[in-house]
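Before any comments, here is the structure.
The values are calculated or read from the model by the stated rules, or taken from the named source; none is laboratory data. Being a predicted model, the structure only gives us computed values, none of them experimental. Note that each Cβ is placed from the backbone with ideal geometry, even for glycine, and that neighbours are counted across all protein chains shown. The protein model used for the area step is the full one, side chains on, heavy atoms only, and it has no ligands, DNA or RNA in it. Shrake-Rupley method; radii C 1.70, N 1.55, O 1.52, S 1.80 Å.
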Amino acid sequence: IGIHNLAVVNMLAGKYNEALYYFHEAVLTKRENLQADNPLVAESLVEIGILLYAREEYTRALAVFQDALECFGTDLFSSPTNTYSSSCSPSNVLNNIGCVHFALKQHDMALSFLKKSLAISKMSMGASTPHAESTLLNFALTASNVGRVKMDQGHCGDALLLLEEALLVHQSV
């Protein structure tokens, strides 16, 4: 949808307020023309969440990411080998929510969401999908995020194993 692309261009140009405006417009337009919980709506919501996260507006970012997650339905594990966009999948959104909780120093909540993201990524690994490489990279990113949380909690051995696994997966792509 053109409005979403206009938002992306504004974001890349550093015009973040304009980008937020157009992402919001994209969400409204998509919800008018598609089902309100269509995963395509989640794409624009995720971009809003990322912008809010970057501006350290964590509470707002969390609410937007939760809204995006709802676009995928209630059973996130029902179709792990999906055709979702490579940049916007339930696994990616769960990872983003985990990152927000980490930023809020809510380590247990962060781990809960990051582990769900890893579980979905693991279910998708090895599947022949158009986004197989992206799934591996998402797994590596999320595993490194779990490692970071574990390190902050003082579980350095667990952190090291996760970070090594993330590096191996990343290097295999």
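Write out, first by first residue and then by second, each pair whose Cβ atoms fall under 6 Å of each other, whose residues are 6+ apart or on separate chains, and whose first residue, in region 162-173, is in a helix (DSSP H, G or I) while the second is open to solvent by less than 60 Å² (accessible area, probe 1.4 Å) and of a type in the set (A, V, I, L, M).
Qualifying pairs under 6 Å: LEU162/ALA143; LEU162/VAL146; GLU165/ALA143; ALA166/ALA140; ALA166/ALA143; VAL169/LEU136; VAL169/ALA140; HIS170/ALA140.
Mind checking which residues of region 21-36 are in contact (Cβ under 8 Å) with a residue 24 or more places away in the chain, touching a helix residue (DSSP H, G or I) at 6+ places or on another chain (Cβ under 6 Å) and either buried (at least 19 other Cβ atoms within 10 Å of the Cβ) or under 24 Å from ILE97 (Cα atoms) (or both)?
PHE23, ALA26, LYS30 - these are the residues of region 21-36 that are in contact (Cβ under 8 Å) with a residue 24 or more places away in the chain, touching a helix residue (DSSP H, G or I) at 6+ places or on another chain (Cβ under 6 Å) and either buried (at least 19 other Cβ atoms within 10 Å of the Cβ) or under 24 Å from ILE97 (Cα atoms) (or both).
Looking for something within 24 Å of GLY147 (Cβ to Cβ), part of a loop (DSSP other than H, G, I, E, B) and either at pLDDT 85 or above or open to solvent by 30 Å² or more (accessible area, probe 1.4 Å) (or both) - is there at least one such residue anywhere in region 92-99?
Among the residues of region 92-99, not one is within 24 Å of GLY147 (Cβ to Cβ), part of a loop (DSSP other than H, G, I, E, B) and either at pLDDT 85 or above or open to solvent by 30 Å² or more (accessible area, probe 1.4 Å) (or both), which makes the answer no.
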